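J.: What follows is a structure written as structure tokens; I'll ask about it next.
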Amino acid sequence: MEAHYIDYKETRSFSSAAIRYIENDASLKPFYNQPATLDGFDKLLSTKKNTANRIVLNSVLKEQYKSLEISQELQKNIELLKNENCFTVTTGHQLNLFTGPLYFIFKIVSAINLARDLKIRFPESDFVPVYWMATEDHDFAEINHTYINSKKVAWETEVNGATGRISTDKIKATIAEYISTLGISENATDLAQIIEEAYNENNLANATRHLVNKLFGNYGLVIVDADDAQLKAQFSNIIAEDIISENSYRNITTTNDALANAGINPQVNPREINFFYLLDNLRERILFEDGRYKVLHTAISFSEPELRQEITNHPERFSPNVVMRPLYQEVILPNLAYIGGPAELIYWLQLKSNFDYYNIDFPILILRNCASISSQKIDQKLERLGFSYRDIFRDKEDLKNEWVLKSTDHDLSIDNEWREIDCIFEKLKLRAYKVDPTLAPSTQAIKIRLQKAMGNLEKKLLKAEKKNHSEALNNIENIKEILFPKGTLQERKENFGMFYVKYGKDFIPALLKNLHPLDFKYTILS
């Protein structure tokens with residue numbers, strides 16, 4: 001693949017807050033620890049506190065992988081995690097159906113490549129890429145579908161509770177629908193087999209682990225399911241303290257105010273209690289009412305002593321929400337970096353004060369690689385049109401208008417004529433003023449109406465001329481639809497499946513070769 005790199009700002013597709021972060025805006029420095037540079041990692045490594053119980057982590061991972069065939073590279077990384085000089089770089093995501101949008105793949109590629117970059121820079125240490133599965137998330141509607149070749153494939157079923165625990169026994173029809181979109185080829189058959197084997201696992205967490213391991217296991221990617229009693233036990237003291245004292249609510253609320261003063265709109269808002277109560281088929285908020293800790297929509301409640309005892313006996317029943325999950329992650333992993341999308345980075349900026357309160361190292365925040373997959377055919381079309389990949393981020397109608405204006409044999413602009421009319425109106429306005437000063441505004445009003453009519457005439461001339469350039473304009477339409485399906489970035493809509501069918505087993509190696517996590521450039525691969 002050939003790579004084209006574009007500054008994020010030039011794409012006009014990312015929030016000003018994300019751009020400010022990657023450009024090291026000084027006003028955001030209070031909200032993170034070290035900058036996203038190799039020097040930043042050097043400083044973090046020199047001060048890194050070890051909170052993770054590495055023996056427990058190793059044991060849990062071996063248990064979670066026991067039913068899978070794993071590569072030597074992955075086996076090595078799981079063992080390396082027992083060593084004090086081994087660190088993780090982590091990305092996280094929900095259990096989207098068939099991996100969901102393309103950027104999920106880019107997240108993991110970013111983690112793998114960052115681990116490689118760090119090993120080159122700091123050869124005395126080891127670095128393991130981690131995918132944190134959001135198995136405790138309960139928003140099934142967000143993850144039950146994907147788009148492939150612009151076709152929506154959805155798993156329609158009634159579920160409750162954590163998505164990782166959802167049984168896959170009713171997903172066969174959805175798998176068949178997905179596979180039917182792949183077409184008939186050797187690569188399609190290969191991917192169909194991977195999907196069928198993965199979703200033959202008993203629940204969505206195991207299916208996702210199987211699928212992602214099949215795609216990335218050879219690169220040493222470690223997949224963590226933190227819905228685990230042994231891992232939660234390491235977090236139990238913070239669970240109890242935060243529920244009872246509501247520390248995260250106060251810390252993050254204060255930070256949100258500070259971020260707002262810095263011109264950043266908070267992405268999430270903390271609650272007084274930022275934990276759910278988790279059982280099979282149930283994940284409900286915990287509220288403090290009438291002196292008791294109550295589980296919403298149930299009859300379950302606890303006094304404070306009972307709550308403390310429940311946390312001690314069953315820490316796995318307490319599930320952190322979006323503002324506490326990152327803290328849990330950093331407690332149980334020897335982690336240096338979190339790799340996330342633009343919105344994720346902003347909500348992590350809301351959390352540093354809470355990390356400081358609990359004396360947990362705040363990781364370096366890395367914007368995941370963002371990219372589009374193009375083709376040689378699109379390269380050729382753009383060249384014939386006289387546009388670059390930078391241009392393709394512009395509004396579609398602007399591109400069409402520019403093409404017509406530079407390609408037509410006719411003069412479609414009425415600027416010269418309007419300048420002549422404008423001079424005439426200035427003379428008329430002066431003559432009217434001499435006759436009666438109150439007539440000048442009337443003359444100006446007539447001029448404004450005529451200017452609007454002339455503008456409409458110019459649009460009609462352009463519209464008529466477009467009919468003479470239908471092939472070129474259709475090419476612009478097609479390019480925009482491929483790279484911006486339904487008007488959004490390709491990576492936020494399309495599933496990786498269509499590209500796996502096209503490129504096969506070369507697809508992921510090509511991404512690993514061309515996506516550079518510390519360069520902070522939008523990448524177009526063709």
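The values are calculated or read from the model by the stated rules, or taken from the named source; none is laboratory data. Here the structure is a predicted model, which is why all the values come from computation and not from measurement. Please note: Cβ atoms are built from the backbone with ideal geometry, for glycine as well, and neighbour counts cover all protein chains shown. Note: areas computed on protein heavy atoms with side chains; ligands, DNA, RNA excluded. Shrake-Rupley method; radii C 1.70, N 1.55, O 1.52, S 1.80 Å.
J.: Need one number: convex hull volume per residue for the range 1-147, Cα atoms only, in Å³.
T.: On the way: hull volume 28.3 nm³, N = 147.
Normalising the Cα hull of the range 1-147 by residue number yields 193 Å³.
J.: Rounded to the nearest whole Å², what accessible area per residue is found for the chain with the 1.4 Å probe?
T.: On the way: 24030 Å² over 526 residues.
Accessible area per residue, the chain: 46 Å².
J.: Then there is this: Give me the one-decimal nm value for the distance between modelled label points at Ala229 and Ser245, 7 Å along each residue's Cα-to-Cβ direction.
T.: If labels sit at Ala229 and Ser245, their model points lie 2.8 nm apart.
J.: Hey, which of these cross-link pairs are over 24 Å Cα-Cα: Lys232/Lys294; Lys381/Lys502; Lys119/Lys232?
T.: Lys119/Lys232
J.: Projected onto the charge dipole of the chain (+1 at Lys/Arg Cβ, -1 at Asp/Glu Cβ, origin at the Cα centre), which of Ala472, Leu511, Thr174 gives the Cα projection farthest towards the positive end?
T.: Ranked along the dipole, the leading option is Ala472.
J.: In the range 1-79, what percent of the accessible surface is made up of carbon and sulfur (1.4 Å probe, ligands and nucleic acids excluded)?
T.: Values: 2050 of 4210 Å².
In the range 1-79, the share of accessible area belonging to carbon and sulfur is 49 percent.
J.: Which of the following values of Cα Rg over 2.2 N^0.38 Å was calculated from the structure shown: (1) 1.07; (2) 1.19; (3) 1.01?
T.: (2)
J.: When only C-alpha pairs under 8 Å and at least 6 residues apart count, what is the relative contact order of the chain, in percent? Intermediate results must be reported in sequence, preceding the final value.
T.: Values: 792 pairs, mean separation 131.3, N = 526.
Averaging sequence separation for qualifying contacts and normalising by length gives 25 percent for the chain.
J.: Compute the helix-to-body angle for 396-407: its Cα long axis versus the longest principal axis of the chain, expressed 0 to 90° and rounded to tens.
T.: 40 degrees
J.: Oh, and also: Within the range 134-183, report the trypsin sites (Lys or Arg not before Pro) that DSSP leaves as loop and that have at most 13 other Cβ atoms within 10 Å.
T.: Values: sites: Lys151, Lys152, Arg165, Lys170, Lys172; in loops: Lys170.
Here the trypsin sites (Lys or Arg not before Pro) that fit, given the DSSP loop and packing criteria, are Lys170.
J.: Something else: How large is the charge dipole for the range 172-270, taken about the Cα centre, if only the Cβ atoms of Lys, Arg (+1) and Asp, Glu (-1) carry charge, to the nearest 20 debye?
T.: Taking the Cα centre of the range 172-270 as origin, the dipole is about 120 debye.
J.: Can you order the peptides 208-214, 181-187, 447-453 by their average number of other Cβ atoms within 10 Å per residue, highest first?
T.: Ranked from most to least packed, the peptides come out as 208-214, 181-187, 447-453.
J.: What part of the accessible area of the range 243-376, given as a whole %, is carbon or sulfur when the probe is 1.4 angstrom?
T.: Numbers: 2170 of 4960 Å².
Result for the range 243-376: 44 percent of the exposed heavy-atom area is carbon or sulfur.
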